[in-house]
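What follows draws every value from the coordinates through simple rules; no lab data is involved. Nothing here was measured: the structure is a model prediction, and the numbers come from that model. Positions of Cβ are backbone-derived with ideal geometry, glycine not excepted, and every protein chain shown enters the neighbour counts.
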Amino acid sequence: MLETKRIARVKALVHNLTRWSGWMGIVGVILFATAWFWFPFPIENFRQYDASRCITDRNGEILRTTLSPQGQRCLPIPLADAGKWLPVAIVATEDKRFRRHHGVDFLALSRAIGQLAWNREVISGASTISTQLVRLANPRPRTLPSKIIEAFRALQMETILSKDEILEQYLNRAPFGSNLVGIRAASLHYFSKEPADLSLTEASLLAGLPQSPSRLRPDRHPQSAKKRRDHVLERMVECRFIEKDRSKASIQMPILLEPWTPPFLAPHFVDSILQGKLNLPSQTTLDLHFQKLTEDLITRHSSDKAYGTGVVILDAANGDILAMVGSPDYRNKRGAGQVNVTLAQRSPGSTLKPFAYALAMDRGLLTPEEILKDNPLNLPGYQPKNFDGNFRGAVSARQALIQSLNLPAIEILRRIGQKSFLETMQGLGLTTLNETRDHYGLNLILGGGEVRLLDLARAYAKLAQAKPGDTISPEAAFLVAKILSGNERDLAVFGHARNERIPRVAWKTGTSARNRDAWTIAWDQQYIVGVWRGNPDGSPCPNLTGIQDAAPLALEIFTEISDHESKNIHLPQPPLGLAKRTICSQTGLPADATCLQTIMDWYLPGISKTSSCKGDCLSKANNPSPAHTSPHIIRPINGQTFALLSDRENPSLALEAEGSGNLYWFVNGSFFRKSNAKEILQLPLEPGIYEITCTTDEGHADFVRIVVE
Ligand SMILES: [Zn+2]
């Protein structure tokens, strides 16, 4: 009786329990389903990392890594770059059923609960890589409710992210001691290697760290780290990821670390990116090989005339920066080493002239052998001179560009119009030319504005790779490059030591007023090399010139980076829109029957002007007008050397010339005095070199050079 009563009570209990658990199950499912939709998985937390910026060159070589906004070193990589061993070592150690469960490992969970009930302590954890990832992305206090939330989120996550995506996230978010987050930062820091290059032994060491990063740091606690590493290796054997023998061999190995020195390369370039002055992705266009070569050459070409040097190398095809050096020594505080002069605004000297010549050719206003006047220009308050103080009288456009003569350049600027030229240069990216046409006046062509070396080199890239329909036509760009790439150009810089391996390269120099800036831009169809020298504070640099101080460096860089074998064979072909015609050698205009002497010259059919010489040359040859007579300096005699006598006060030298009309005397490029024929002037003397020019109203000139000791 008692027995049956007891059985009945147990039956009722079981019945009630079943009924209640059934209800609880149903309520649980409803709550779970509601929560699932009410609290959708915060996938946005997983879309980005608190990552460092890792600026690399075009081949992925690290130039610099920064700390993340929260001060961590975190360099996320795709799972494909994690290497062979690290992912499996992590799975073996942290979550061996990772590939089989759905975010929560119920087998491990029930075992953990059982152990907790039996032993009253936690022996094995039930956390999975998925629940750990949820915690890493959104840290919570380690309480039971947190664990329930994390398990719930892990189940949700597994429906959104694939196993590989979850593992990748975990590898990039796991802590590895100090401020190292993720396997790449850890691999670089401890082994100076990319994760893909880690050996089994090294990967096993890293895989053990996330469990307790500060206690297991191999650089501080090698014993504990080794013990943990060996445990990881044993787990890998259990999971059948490796053979027993393999783990035994690895366990014999000591811990060998190779601490990393974070790179600090191409510092001005990287600074400019981090400061937002250059808008480039983290994998930049820089070529570390070109960069180092440029830095070395700057050191070898050090100049005592100026303490600043800036160089850019660009890809002519797209203007991409391949090298950028902003000063000879980034760490030199006294010489403003951290100032990036390639982005500084400086006077371009004569470096804009090729654009004016090209534009004039494109508008039918100029052909290469056309004769221009190199005569003094007397505008009120404006008497521009040539760099050497001489005037050549009549000179071909080709020679005027090669010699960078100022008066012909002003004539060309007048032909194309100041406004048009300014707008063209702005359109080519010289955005710092932001004043009005009147502000610059004719001086714009002689360096009256301010440009940045990088912008200038990019404008030349457009010249180097001109295409039909561009601002400058391929025909005009070809002619300008041809004029500026002849052999006589190289001789001027290299003299007798001319390097036979010099590639065929066009180049233009510039020197600004008071020798503040020395420039050279060298280009072919592949590269642009831009060099600037001067003092970053803008102070004058005595005797600094583009040809002496910038051109040798630019051309040596070009020689180093060019592919010489193919270069000299494959010279660029003339574009289709160019042809040759017979011109009068006296005027450079199309010849007619009366011309005494003719030569061939390039022109743009349908564009270049066709009006012929019309006997102009003949009349000049037969009736030389007195005004055309060249002056002749009688004293001093060219090449003389004078010795100053110490007992003489205020030493001076007599200047005398034959000629007609007014005579204008220039000494070392500066106007000295006006005289008449046979009038003797006295030039005060100091030791030095004197280049003395005498010109007439018409611009005919004579020139002598003397030395005073
Ligand atoms: Zn003629």
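Just a few scattered comments:
- With the convex hull of the Cα atoms taken as the outline of segment 216-368, the averaged projected area works out to 17.8 nm².
- Packing-based exposure ordering (other Cβ within 10 Å, fewest first) of Glu475, Glu94, Glu709, Glu649: Glu649, Glu709, Glu94, Glu475
- Around Leu314: net Lys/Arg minus Asp/Glu count, Cβ-Cβ under 12 Å: -3
- Antiparallel bridge percentage (DSSP; both residues within the chain; nearest 5): 95
- Gap separating the Cα centres of segment 266-294 and segment 14-38, nearest whole Å: 61
- Modelled FRET efficiency - R0 45 Å, Ser162 with Thr66, Cβ distances, 0.05 increments: 0.90
- Each residue in Leu433, Leu653, Leu107, Leu456 was given a count of other beta-carbon atoms within 10 angstrom of its own, and listing them fewest first yields Leu107, Leu653, Leu433, Leu456.
- Per residue, the chain reaches -11000 deg cm²/dmol at 222 nm when only DSSP H runs of four or more residues are counted, each adding -39500 (n - 2.57).
- Pairs exceeding a 29 Å alpha-carbon distance, out of Lys482/Lys609; Lys84/Lys277; Lys84/Lys147: Lys84/Lys277; Lys84/Lys147.
- The residues neighbouring Leu589, those whose beta-carbon lies less than 12 Å from its own, together hold a net charge of -2 under the Lys/Arg +1, Asp/Glu -1 convention.
- Loop-resident sites, segment 321-354, for trypsin sites (Lys or Arg not before Pro), counting at most 11 other Cβ within 10 Å (DSSP): Arg331, Lys333, Arg334
- A simple packing score, the average count of other Cβ atoms within 10 Å per residue, orders the peptides 172-182, 422-432, 523-533 as 523-533, 172-182, 422-432, with the highest score first.
- Cα point-scatterer Debye curve for the chain, base-10 log of I(q)/I(0) at q = 0.05, 0.06, 0.07 Å⁻¹: -0.44, -0.57, -0.68
- Unpaired cysteine residues in the chain (no second Cys Cβ under 4.7 Å): Cys54, Cys74, Cys239, Cys541, Cys617, Cys694.
- The fewest-to-most ranking of Ile583, Ile483 by surrounding Cβ atoms within 10 Å reads Ile483, Ile583.
- For segment 175-266, trypsin sites (Lys or Arg not before Pro) meeting the loop criterion (DSSP other than H, G, I, E, B) and having at most 13 other Cβ atoms within 10 Å: Arg220, Arg240.
- Segment 375-493: C-alpha gyration tensor shape, a/c 1.5 cut-off, then a/b vs b/c: oblate
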